[in-house]
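Remarks on the structure that follows.
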Amino acid sequence: MELILASTSPYRRSLLGRLGLPFRCVAPLVEEEAIKPTLGSINPRELAEHLALAKAESVARLESEATVIGGDQLVAIDGMVLGKPGSIAAAVEQLRRLSGRTHELITALVVIQHGKVYAHTDVTSLTLRPLSLEQTRRYVEADQPLNCSGSYKLESRGITLFERIDSADHSAITGIPLIALTTILGTIGFPVP
């Protein structure tokens, strides 16, 4: 059985590599920004789940004999999704909004094998320390989290921003909930310990 990760993310590639299973990566044929307006007013969790499924399905249609893993991750606060900031100013603004508050990191996972869909969603609760404008600017300059939703990189200096992180599966924070994925893959016939 061939295993395909429907992603070009180096973070997801590295996480999946930890399982020791051979796999290859295929870019999903999904234009997220084009899909979002068509979904209406769904909540952040439903959005992440919809995008994870769309990514996995886009690759599964092309690779019907393979087992395909898709995922999506987003940051939400007050029921609103925070996208990738794209600029230093926008990153500072996002972190100022999160400063001293708790938000959610939603990581949706979908595995498709022979048309059958297995899904899991991990919701991590994160609380930022109260941060001064100077601390926020210093962090953004150092880590350059311009392509990261929420404007932080937990795997880098971003960990210093946090007061508390509550997660059932720490690996979900980086992009794939490996505990759930291992369970799913073991159930459908992959040799995981």
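Residues that are of a type in the set (A, V, I, L, M), within 17 Å of A48 (Cα to Cα), in contact with a helix residue (DSSP H, G or I) (Cβ under 6 Å, 6 or more places away or on another chain) and crowded, with 16+ Cβ neighbours inside 10 Å occur in the range 165-177; there is at least one. Considering only the range 151-159, I want to know if a residue exists there that is among the charged types (D, E, K, R) and in contact with an Asp or Glu (Cβ under 7 Å, 6 or more places away or on another chain). There is at least one residue in the range 151-159 that is among the charged types (D, E, K, R) and in contact with an Asp or Glu (Cβ under 7 Å, 6 or more places away or on another chain).
Yes or no, residue by residue, for (1) under 25 Å from G70 (Cβ atoms); (2) part of a helix (DSSP H, G or I):
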position	(1), (2)
V92	no, yes
T127	no, no
T136	no, yes
L181	yes, yes
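Among the residues of the range 158-179, those that are outside any helix (DSSP H, G or I) and either among the aromatic types (F, W, Y) or under 13 Å from the mean Cα position of the chain (by Cα) (or both) comprise F162, D169, G175, I176, P177. Looking only at residues in the range 119-138 that are under 21 Å from T8 (Cα atoms) and touching a residue at least 60 places away in the same chain (Cβ under 8 Å), which one is surrounded by the fewest Cβ atoms within 10 Å (Cβ to Cβ)? So, considering only residues that are under 21 Å from T8 (Cα atoms) and touching a residue at least 60 places away in the same chain (Cβ under 8 Å), the one surrounded by the fewest Cβ atoms within 10 Å (Cβ to Cβ) is A119. For the range 78-97, a residue qualifies if it is surrounded by fewer than 18 Cβ atoms within 10 Å (Cβ to Cβ) and under 19 Å from the mean Cα position of the chain (by Cα), and the qualifying residues are D78, G79, M80, V81, G83, K84, G86. Within the range 135-193, the set of residues being over 21 Å from A108 (Cα atoms) and among the hydroxyl-bearing types (S, T, Y) comprises T136, Y139, S156, T160. Among the residues of the range 53-77, those identified as crowded, with 18+ Cβ neighbours inside 10 Å and charged (D, E, K, R) are K55, E57, D72.
Among the candidates E141, E155, single out the residue that is surrounded by fewer than 18 Cβ atoms within 10 Å (Cβ to Cβ), not in a loop (DSSP other than H, G, I, E, B) and not small (G, A, S). Just one listed residue meets the conditions, E141. When the criteria are applied in full, S149 meets the requirement of being hydroxyl-bearing (S, T, Y), modelled with pLDDT under 95 and either outside any strand (DSSP E or B) or more than 18 Å from the chain's Cα centre (by Cα) (or both).
Whenever a residue of the range 80-104 is on the phi > 0 side of the Ramachandran plot and modelled with pLDDT under 95, its partners that are of a type outside the set (D, E, K, R) and in a loop (DSSP other than H, G, I, E, B), lying with C-beta atoms within less than 7 angstrom and at least six residues away or across chains, give the pairs G86/L146.
Tell me, please, whether a residue that is farther than 29 Å from L21 by Cα and aromatic (F, W, Y) can be found in the range 180-191. No, because not a single residue in the range 180-191 is farther than 29 Å from L21 by Cα and aromatic (F, W, Y). Taken over the range 112-125, the criterion of being more than 30 Å from V92 (Cα to Cα) and outside any loop (DSSP other than H, G, I, E, B) is satisfied by I112, Q113, K116, V117, Y118, A119, H120. Of everything in the range 105-115 that is surrounded by 16 or more Cβ atoms within 10 Å (Cβ to Cβ) and out of contact with any His (no Cβ under 7 Å at 6 or more places or on another chain), the residue that is farthest from V30 (Cα to Cα) is L105.
The values are calculated or read from the model by the stated rules, or taken from the named source; none is laboratory data. Just so you know, these numbers come straight off a predicted model, no measurement behind them. Reconstructed Cβ throughout: ideal geometry from the backbone, glycine too, with neighbour counts over all protein chains shown.
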